[in-house]
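Novice: The structure is given below, and queries will be raised subsequently.
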Amino acid sequence: MEGVYTVSNGASQFGDQAVLKWTYLFTGTDTTHYLSIFTGTDATYFNLEGTPEADSLVLKGYWRKLVNASIGEVRLILREKHNGKLQLFKGSLAPGDTLVVDGLYGDKSAALNNQLTLTYNRPLNPKPFSIMAHRSGGRTSDLLPASENSVEIIKLASRLGATGIEVDVRFTKDGVPVLYHDNTLNLRLIQKNGLTGPLEDYTYQQLSTLVRLINGEKIPTLEEALETVVNNTSLNFVWLDTKYIGPMDKVQAIQQKYRQKALLAGRNLRIIIGLPTTEAVDSYKALANKDNTPILCELDTSITRSLDARIWAPRWTLGPQTDEVLAMQAEGLTVFVWTLDEPEFIREFISQNHFDGILSNYSPVVAYYHYIEQQ
Amino acid sequence: MVILRNIVARISQSVGLLVVVASFALGQSPESWPLQPGIYFPQAPLPGKWRKSVGAVFTTTPPELTEEVRVSVPAVDFNIQRGLTKHLFLASRFQTQFVQSNLGLGLRWATPLTNRLFLSAGYDVTGWLGALQIKDVFASEAYGVETFPSISMGYKLTRDLRLTVKSEAIIDLYYRSQVGNLAVVYNRRAINGFAFTFILEQPFYNQRHVSVGIRAAYSNFNWQLWSLYDTFDRNLFYPQLIFGFIL
């Protein structure tokens, strides 16, 4: 069922192509499957769950455009086109049959009164590519249903198209590594509570008791975040962005602990420490033992080489840097670009086909352009 | 047009009575008030005459773009105008922050509606250009063209003090952005937002006059923040403080 579909009814709202991709979430021994749809207009994603109704599989959920506040409900049914005739999908396709997903969606009104028809066109681009969601899934300012750098958005990240996440690591006053982006507690990220100033001025107990992120979640510890990645998601990459200044040994220990946990769970999960500044590089250099500590360097190629980093991640605002990218890849390095949100540039970077992955607040856009790319 | 002018005149007379009672204390008729220089006030310079100003504009960044950091970005602001006829004049404006600049050229038609109330309609086209070359951070440049149809109402509050309220639509005509050797172009005409400006103009010292005011823009894009690559398809609030010496 995964693939690139042609949009007929609904193209004015969602564009003329859509990517359909299954993801799943583990909760204990339960697995919940979700169908995501990514379209080429306005960073749109659909979050759908399948439920059997009578003799058909019904997909229900919502669609959302990340660039603005557009949102609506959707209800789709799986059908097949057999001998030119549309009928309910029976569970398998005969040669020459085409899968059609159609139904209704709502927009400004709650009523589902707009037709949406998606017809299977071709398989997804199979080329391996890292689609990394910034701030564990996306920015709070994009009005997502979960706050940035929360456990809840980590669980949402796959449905937004991500294969990996970047998280922002800071330390509380009592030395607990937690996820938080900004330099201070502020109303952009947290609910009003009277607390201000650097997060580092508060103990974990204080933050846990008194602070809630903008959608009501607690500020997670790095361990809670990685526990979620390992136990609940299919994400295969975590980029630990170093927002703190100081010793890196605690983060290193946690990175190694969860790498082992992932291996024991049969997961090929890469947990990488990101080095965005010279201070972070110094902290890394000060580690007593650098074995099994994969790093990603955001600084220039010479520093990246000198650290023996396996991943180089330049800013996208430096351009494609094709010669440098190819040279680093020839030396065996992986090259990502960050933080690229501008849809036209995402399309261009992907069509140029040099980078191994893109870090973005708009992982649905990266997913769309990656999966529709024809090799 | 005559009907419109009469309606506007009646409204303004009513409002004027409420707002500027104090000005009548001067005991002087507006007809005898001398022509004063103003850059924003909707009154054409005399044909063949120039008007110029130099000042600064401070634009506060919206939190959606700069997140926890709120900065007021200053730009040097030059204005020059030249009267063409009794009602028609050319207006040009240049704003620069050195790494990014904006040059506008427009035509205005202005007319008095009453002794105190003035009206103008204008159409400006601006071109902007920005370029940033910072090691390991930026190898970027962008430029674009925007157009601003506007209507201004001006009121002589007192002999010396003039209030101008200007409303503008902001329309994007062209945008090109380049990082390294890769460029994208948006070549579509789209309404980007709108803006309201409130300006007071009055004498300051030594026969010089000043323009002081605010501009509230609600727009999808602001040329001064091109390097932040705004992806929101929603109007953000860009408040601006404006200060200019009329030369």
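The values are calculated or read from the model by the stated rules, or taken from the named source; none is laboratory data. It should be emphasised that the depicted structure is a prediction, and the values quoted were computed from it without experimental measurement. All Cβ positions, even for glycine, are placed from backbone atoms using ideal geometry, and neighbour counts span all protein chains on display.
Novice: What number of residues within the range B:160-194 satisfy the criterion of being surrounded by 17 or more Cβ atoms within 10 Å (Cβ to Cβ) and of a type in the set (Asp, Glu)?
Specialist: Of the residues in the range B:160-194, 2 are surrounded by 17 or more Cβ atoms within 10 Å (Cβ to Cβ) and of a type in the set (Asp, Glu).
Novice: Please determine, by comparing only the residues of the range A:356-375 that are more than 14 Å from chain B (Cβ to nearest Cβ) and closer than 14 Å to residue A:38 by Cα, which one is nearest to the chain's Cα centre (by Cα).
Specialist: So, considering only residues that are more than 14 Å from chain B (Cβ to nearest Cβ) and closer than 14 Å to residue A:38 by Cα, the one nearest to the chain's Cα centre (by Cα) is A:367.
Novice: Separate question: Could you say which residue among B:240, B:207 is modelled with pLDDT under 95 and polar (S, T, N, Q)?
Specialist: Details: B:240 fails: modelled with pLDDT under 95.
After ruling out the rest, the residue left standing is B:207.
Novice: Related question: Answer yes or no as to whether residue A:17 is under 30 Å from residue A:342 (Cα atoms), within 14 Å of chain B (Cβ to nearest Cβ) and not basic (Lys, Arg).
Specialist: Details: under 30 Å from residue A:342 (Cα atoms): yes; within 14 Å of chain B (Cβ to nearest Cβ): no; not basic (Lys, Arg): yes.
No; evaluated as a whole, the condition is false for this residue.
Novice: Restricting attention to the range B:112-151, and to residues there that are within 14 Å of another protein chain (Cβ to nearest Cβ), surrounded by fewer than 16 Cβ atoms within 10 Å (Cβ to Cβ) and not hydrophobic (A, V, I, L, M, F, W, C), which single residue is nearest to residue B:80 (Cα to Cα)?
Specialist: Once the filter is applied, the top-ranked residue is B:133.
Novice: Of the residues that make up the range A:35-42, is at least one surrounded by fewer than 15 Cβ atoms within 10 Å (Cβ to Cβ), in contact (Cβ under 8 Å) with a residue 40 or more places away in the chain and either more than 20 Å from residue A:373 (Cβ to Cβ) or outside the structural domain of residue A:341 (by TED's automatic domain parsing) (or both)? Spell out the reasoning first.
Specialist: Keep residues of the range A:35-42 that are surrounded by fewer than 15 Cβ atoms within 10 Å (Cβ to Cβ), which gives none.
Looking for residues that are surrounded by fewer than 15 Cβ atoms within 10 Å (Cβ to Cβ), in contact (Cβ under 8 Å) with a residue 40 or more places away in the chain and either more than 20 Å from residue A:373 (Cβ to Cβ) or outside the structural domain of residue A:341 (by TED's automatic domain parsing) (or both), one finds none in the range A:35-42, hence no.
Novice: A follow-up question, please. Regarding residue A:313, is this residue crowded, with 24+ Cβ neighbours inside 10 Å and closer than 27 Å to residue A:124 by Cβ? Full working, then the answer.
Specialist: Values: crowded, with 24+ Cβ neighbours inside 10 Å: yes; closer than 27 Å to residue A:124 by Cβ: yes.
Yes.
Novice: Moving to a separate point now. Within the range B:188-205, is even one residue within 14 Å of chain A (Cβ to nearest Cβ) and farther than 23 Å from residue B:108 by Cβ?
Specialist: Yes, the range B:188-205 contains at least one residue that is within 14 Å of chain A (Cβ to nearest Cβ) and farther than 23 Å from residue B:108 by Cβ.
Novice: Suppose we filter the range A:327-355 for residues that are in a helix (DSSP H, G or I) and more than 14 Å from chain B (Cβ to nearest Cβ); how many remain?
Specialist: In the first step, residues of the range A:327-355 are kept if they are in a helix (DSSP H, G or I); the result is A:327-330, A:343-352.
Filter again for more than 14 Å from chain B (Cβ to nearest Cβ), leaving A:327-330.
Looking only at that region, the number is 4.
Novice: Working only within the range A:143-154, note down all residues that are touching a Leu at 6+ places or on another chain (Cβ under 6 Å) and either closer than 20 Å to residue A:271 by Cα or aliphatic (A, V, I, L, M) (or both). Spell out the reasoning first.
Specialist: Start the filter on the range A:143-154 by keeping residues that are touching a Leu at 6+ places or on another chain (Cβ under 6 Å), which leaves A:146-147, A:149-150.
Of everything in the range A:143-154, those that are touching a Leu at 6+ places or on another chain (Cβ under 6 Å) and either closer than 20 Å to residue A:271 by Cα or aliphatic (A, V, I, L, M) (or both) turn out to be A:146, A:149, A:150.
Novice: Still on this model: Could you grab me the full set of residues in the range A:54-70 that are over 14 Å from residue A:40 (Cα atoms), within 14 Å of chain B (Cβ to nearest Cβ) and without any contact (Cβ under 8 Å) to a residue 40 or more places away in the chain? Steps first, answer last, please.
Specialist: To start, the set of residues in the range A:54-70 that are over 14 Å from residue A:40 (Cα atoms) comprises A:54-62, A:68-70.
If we keep only those that are within 14 Å of chain B (Cβ to nearest Cβ) too, we end up with A:68-70.
Across the range A:54-70, the qualifying residues are A:68, A:70.
Novice: What residue, among those in the range A:304-324 that are more than 11 Å from chain B (Cβ to nearest Cβ) and not in a helix (DSSP H, G or I), is nearest to residue B:138 (Cα to Cα)?
Specialist: For the range A:304-324, the residue satisfying everything is A:313.
Novice: Also, quick follow-up: For the range B:162-184, check the following and say yes or no: at least one residue is part of a loop (DSSP other than H, G, I, E, B), within 14 Å of chain A (Cβ to nearest Cβ) and free of Cβ contacts under 8 Å to residues at least 40 places away in the same chain. Give the derivation first.
Specialist: The initial filter retains those residues of the range B:162-184 that are part of a loop (DSSP other than H, G, I, E, B), namely B:180-181.
Right, trim to within 14 Å of chain A (Cβ to nearest Cβ) and you get B:180-181.
If we keep only those that are free of Cβ contacts under 8 Å to residues at least 40 places away in the same chain too, we end up with B:181.
Yes; the residues of the range B:162-184 include at least one that is part of a loop (DSSP other than H, G, I, E, B), within 14 Å of chain A (Cβ to nearest Cβ) and free of Cβ contacts under 8 Å to residues at least 40 places away in the same chain.
Novice: Among the residues of the range B:226-247 satisfying the criterion of being within 9 Å of chain A (Cβ to nearest Cβ) and hydroxyl-bearing (Ser, Thr, Tyr), which is nearest to residue A:144 (Cα to Cα)?
Specialist: Only one residue tops the list, namely B:231.
Novice: Kindly check whether there is at least one residue in the range A:256-276 that is within 14 Å of chain B (Cβ to nearest Cβ) and in contact (Cβ under 8 Å) with a residue 12 or more places away in the chain. Before you say what the answer is, go through the steps one by one.
Specialist: Initially, the range A:256-276 is screened for residues within 14 Å of chain B (Cβ to nearest Cβ), giving A:275-276.
Those still in the list that are in contact (Cβ under 8 Å) with a residue 12 or more places away in the chain too: A:275-276.
Within the range A:256-276 (the criterion being within 14 Å of chain B (Cβ to nearest Cβ) and in contact (Cβ under 8 Å) with a residue 12 or more places away in the chain), the answer is yes, since at least one residue qualifies.
Novice: Also, I was wondering about something else. Find all pairs meeting these conditions: Cβ atoms under 6 angstrom apart; at least six residues apart or on different chains; first residue within the range A:151-167 and on the phi > 0 side of the Ramachandran plot; second residue of a type outside the set (Phe, Trp, Tyr) and modelled with pLDDT of 95 or more.
Specialist: A:161/A:131; A:161/A:363; A:161/A:364; A:161/A:367
Novice: Going through A:61, A:50 one at a time, which residue ends up being in a strand (DSSP E or B), under 22 Å from the mean Cα position of the chain (by Cα), at pLDDT below 95 and closer than 29 Å to residue A:225 by Cβ?
Specialist: Only one candidate passes the filter, namely A:50.
Novice: Kindly indicate whether any position in the range A:312-331 is closer than 30 Å to residue B:186 by Cα, of a type in the set (Gly, Ala, Ser) and not assigned by TED's automatic domain parsing to the domain that holds residue A:15. Before the answer, list the steps.
Specialist: Initially, the range A:312-331 is screened for residues closer than 30 Å to residue B:186 by Cα, giving A:313-326.
This time we only want the ones that are of a type in the set (Gly, Ala, Ser), so: A:313, A:319.
Checking which are not assigned by TED's automatic domain parsing to the domain that holds residue A:15 leaves us with A:313, A:319.
Taking every residue of the range A:312-331 in turn, at least one turns out to be closer than 30 Å to residue B:186 by Cα, of a type in the set (Gly, Ala, Ser) and not assigned by TED's automatic domain parsing to the domain that holds residue A:15.
Novice: Against the definition (within 18 Å of the chain's Cα centre (by Cα), outside the structural domain of residue A:162 (by TED's automatic domain parsing) and farther than 29 Å from residue A:269 by Cα), how does residue A:85 come out, yes or no?
Specialist: On the way: within 18 Å of the chain's Cα centre (by Cα): no; outside the structural domain of residue A:162 (by TED's automatic domain parsing): yes; farther than 29 Å from residue A:269 by Cα: yes.
Judged against the criteria, residue A:85 is not a match.
Novice: Going residue by residue through the range A:327-340, is there one that turns out to be at pLDDT 95 or above and within 18 Å of residue A:39 (Cα to Cα)?
Specialist: Yes.
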